[in-house]
Amino acid sequence: MNDVAKVIQLHDVNIEARPPRPTPRRWPEPTIGESTPGQVTSLTERLAATEPPPPQSLSDMLRGAVGKQIGKTADFARRRLTGDYPVDEFGFDEHLLESLILPMLRPMSDLWFRVQVSGMENIPEVGGALIVANHAGTVPLDGLMLQLAIHDKHPKQRALRLLAADLIFEMPVLGSLARKAGHTLACRPDAERLLRSGELTGVFPEGFKGVGKQYADRYKLQRFGRGGFVAAAVRTGTPIIPCSIVGSEEIYPKLADIKPLARLLNLPYFPVTPLFPHFGLLGAVPLPSKWYIEFGTPISTTGYEAEAADDPMTMFEVTDQVRETIQQTLYTLLTKRRNPFTG
């Protein structure tokens with residue numbers, strides 16, 4: 001018996017002698033609407049996978065929003081009760097600012113004043129800087145709108161620390177809220193401490209002269225004091241950023257001042273507007289003017305020696321440069337605005 005297994009050739013040995021097989025014809029991929037067998041199911045699944053999820057019902061959306069708000073409120077209450085929030089040496093409570101104060105201001109900014117911001121790229125992402133802005137409106141709402149605009153529009157959501165007048169901090173409730181919102185007295189020592197610690201600081205050099213001026217003098221900058229804000233910037237080597245605000249002049253057009261009543265109440269002025277005090281609390285509602293906030297090119301102070309802060313002429317020149325920059329920007333914005341209330 002022959003034990004050698006028989007080898008069965010699966011392919012012909014002389015492969016090259018055989019003619020090549022014809023290339024199989026490739027049919028085009030079926031498009032939507034075709035009913036090629038075996039592929040209808042795969043196309044249906046593919047289309048179903050790319051379709052957006054069905055929209056939620058209004059009740060589901062409301063329940064989700066309410067549940068989310070309840071969660072935020074519970075977390076806020078827990079942190080306030082347990083003291084799980086930091087407060088700096090000035091009394092700044094960032095948790096209260098972001099959880100309560102700023103959310104209360106957003107409807108006024110977004111829906112009532114419709115604040116439009118430009119030049120945000122001029123505000124540094126880190127380090128100290130001094131923002132100098134014009135002041136107006138009879139009631140200083142421009143400071144609050146400025147702080148909210150920087151927090152919401154800046155890529156780092158920086159907190160603006162305003163330098164405010166003594167009168168603000170003498171008021172029982174408002175003074176405490178101002179401290180918790182990050183603001184402090186408008187004095188050189190506090191300004192320098194904030195700038196040296198890398199904080200974004202804001203100042204309104206016009207003071208009550210600006211916020212309380214007559215409507216006939218709108219958008220005409222008042223005197224900028226003695227240039228103390230420039231000295232603070234020079235001593236700390238921080239840039240000065242001019243800021244121009246259009247729209248604040250029209251919220252409470254001041255037509256007159258009842259000075260005897262202002263002295264009785266220990267106020268810098270007691271305004272008379274088209275609606276106040278004639279309409280009582282209704283007259284206290286600000287008019288819905290359209291706001292524009294523009295941040296100008298930073299003015300560097302690194303070219304000055306620290307001793308230059310004690311030179312009145314140098315401080316006057318820089319102060320005048322800042323003031324002129326803000327005034328010219330105000331004029332430019334006003335020429336672009338067609339109507340105080342529609343923009």
TODO: Being within 25 Å of the chain's Cα centre (by Cα) and assigned to a helix (DSSP H, G or I) is the filter here, so list the residues in the stretch 81-97 that pass it.
DONE: Glu94, His95, Leu96, Leu97
- [ ] Inspect the stretch 328-341 for any residue being in contact (Cβ under 8 Å) with a residue 60 or more places away in the chain, more than 25 Å from the chain's Cα centre (by Cα) and not in a loop (DSSP other than H, G, I, E, B) and give the result as yes or no.
- [x] no
Task: Answer residue from the stretch 200-258, given it is more than 18 Å from Pro286 (Cβ to Cβ), surrounded by fewer than 20 Cβ atoms within 10 Å (Cβ to Cβ) and basic (Lys, Arg) and is modelled with the lowest pLDDT among those - done: Arg226
- [ ] Could you please find all residues in the stretch 306-321 being over 26 Å from Glu249 (Cβ atoms), surrounded by 11 or more Cβ atoms within 10 Å (Cβ to Cβ) and among the charged types (D, E, K, R)?
- [x] Asp310, Asp311, Glu317
Open item on the list: If the requirement is being under 30 Å from Pro274 (Cα atoms), modelled with pLDDT of 95 or more and surrounded by 19 or more Cβ atoms within 10 Å (Cβ to Cβ), which of these qualifies: Leu148, Leu111, Leu160, Leu130?
Closed with: Leu148
TODO: Please list, ordered by first then second residue, the pairs with beta carbon atoms under 9 Å, 6 or more apart or interchain, first in the stretch 151-167 and under 16 Å from Val115 (Cβ atoms), second charged (D, E, K, R) and surrounded by 15 or more Cβ atoms within 10 Å (Cβ to Cβ).
DONE: His151/Arg158; Leu160/Glu199
TODO: Return yes when Pro288 is more than 30 Å from Thr236 (Cβ to Cβ) and surrounded by 15 or more Cβ atoms within 10 Å (Cβ to Cβ) and no when it is not.
DONE: yes
- [ ] Determine, yes or no, whether Lys68 is exposed (fewer than 14 other Cβ atoms within 10 Å of the Cβ), in contact with a Ser or Thr (Cβ under 8 Å, 6 or more places away or on another chain) and not polar (S, T, N, Q).
- [x] no
Task: Out of Pro288, Pro239, Pro271, sole residue that is touching a residue at least 40 places away in the same chain (Cβ under 8 Å), within 17 Å of Asn122 (Cβ to Cβ) and not aliphatic (A, V, I, L, M) - done: Pro239
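The values are calculated or read from the model by the stated rules, or taken from the named source; none is laboratory data. Because the structure is predicted, anything quoted here is derived from the model rather than measured. With ideal geometry, Cβ positions are generated from the backbone for all residues, glycine too; neighbour counts draw on all protein chains shown.
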